[in-house]
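Working notes for the structure below.
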Amino acid sequence: MAFKLNGKTLSVGVPFTSDGINYPANWLRLTTLDEKKAIGITEVADEATYDQRFYWGVGNAKRLVDENAKDKDGNLIKDADGNQVINEGLKTLWVRQQKEQAGSLLAKYDWYITRKAEKGTAIPSAIATYRDAIRTICTTRENEINACSDVAALKILIDGTYDSDRKRTSGITLWPEEAD
């Protein structure tokens, strides 16, 4: 709950002044609702929150799939080269993020590939297995994202679900443990 006084939101833990009286930072925490009401403080519900990765606002989901960009009159928008401009959806953005993550995970071990090409030194099997797993799991993650039928399902996939012991019970496939 939030508190308002004369139309201004009061922050709990912050001192404030009303009618020339200075109230200490702990006043809102230590007083009853009746005491707050006596000086004109009202209690208001907290504003609804939303995950900005998936929603523009409460109940206003972002676009899930790509669509052709159009102007205000509904005409297709082309770039300077005459190619259709695409408004990317969440699936495209999240798939791109998986590819970037996979690239980052692989990059740590790229020197083995360079050494193999330059010197012929074998790539350790654990490294090769790990790199293969990264590529396989990236594809799996992309398929999981593309299988989502709506924004709510995508959010659940990305965030995962957890039981009362905070043990992960579902969600996007996890990346493999790092190779030694």
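Taking the range 23-43 as the range and being open to solvent by 70 Å² or more (accessible area, probe 1.4 Å), small (Gly, Ala, Ser) and closer than 12 Å to Leu10 by Cβ as the test, no residue passes.
Scanning the range 95-112 for residues that are closer than 29 Å to Ile172 by Cα, of a type in the set (Ser, Thr, Tyr), touching a residue at least 24 places away in the same chain (Cβ under 8 Å) and in contact with a helix residue (DSSP H, G or I) (Cβ under 7 Å, 6 or more places away or on another chain) turns up at least one hit. Regarding the range 44-61, can at least one residue be identified that is open to solvent by less than 70 Å² (accessible area, probe 1.4 Å), hydrophobic (A, V, I, L, M, F, W, C) and farther than 30 Å from Asp159 by Cβ? So far as the range 44-61 goes, no, none of its residues is open to solvent by less than 70 Å² (accessible area, probe 1.4 Å), hydrophobic (A, V, I, L, M, F, W, C) and farther than 30 Å from Asp159 by Cβ.
The set of residues in the range 1-21 that are out of contact with any strand residue (DSSP E or B) (no Cβ under 8 Å at 6 or more places or on another chain), exposed (fewer than 11 other Cβ atoms within 10 Å of the Cβ) and either of a type in the set (A, V, I, L, M) or at pLDDT 95 or above (or both) contains only Ile21. Here Ser164, Ser170, Ser104 are screened, and the one residue that is among the small types (Gly, Ala, Ser), at pLDDT 95 or above and open to solvent by 70 Å² or more (accessible area, probe 1.4 Å) is Ser104.
Return yes or no: is Thr129 more than 18 Å from Gly171 (Cα to Cα), of a type in the set (Val, Ile, Thr) and modelled with pLDDT under 95? If you could, list the steps in order and put the result at the bottom.
Numbers: more than 18 Å from Gly171 (Cα to Cα): yes; of a type in the set (Val, Ile, Thr): yes; modelled with pLDDT under 95: no.
It is false that Thr129 is more than 18 Å from Gly171 (Cα to Cα), of a type in the set (Val, Ile, Thr) and modelled with pLDDT under 95.
Inspection of the range 12-23 finds no residue satisfying the criterion of being within 19 Å of Ala152 (Cβ to Cβ) and charged (D, E, K, R). When you scan the range 113-130, do you find a residue that is without any contact (Cβ under 8 Å) to a residue 40 or more places away in the chain, among the aliphatic types (A, V, I, L, M) and within 30 Å of Asn68 (Cα to Cα), even just one? Scanning the range 113-130, I find no residue that is without any contact (Cβ under 8 Å) to a residue 40 or more places away in the chain, among the aliphatic types (A, V, I, L, M) and within 30 Å of Asn68 (Cα to Cα), so the answer is no.
Checking each residue in the range 24-62 for being under 33 Å from the mean Cα position of the chain (by Cα), closer than 16 Å to Met1 by Cβ and not aliphatic (A, V, I, L, M) picks out Arg29, Glu43, Asp46, Glu47, Thr49.
Evaluated against (1) among the charged types (D, E, K, R); (2) in a loop (DSSP other than H, G, I, E, B); (3) surrounded by 13 or more Cβ atoms within 10 Å (Cβ to Cβ), Asp81 falls short on exactly one condition, (3).
The values are calculated or read from the model by the stated rules, or taken from the named source; none is laboratory data. All figures in this text were calculated on a predicted structure; none of them were measured in a lab. Heads up, the Cβs are rebuilt from the backbone with ideal geometry, glycines too, and the neighbour counts pull from every protein chain shown. Note: areas computed on protein heavy atoms with side chains; ligands, DNA, RNA excluded. Shrake-Rupley method; radii C 1.70, N 1.55, O 1.52, S 1.80 Å.
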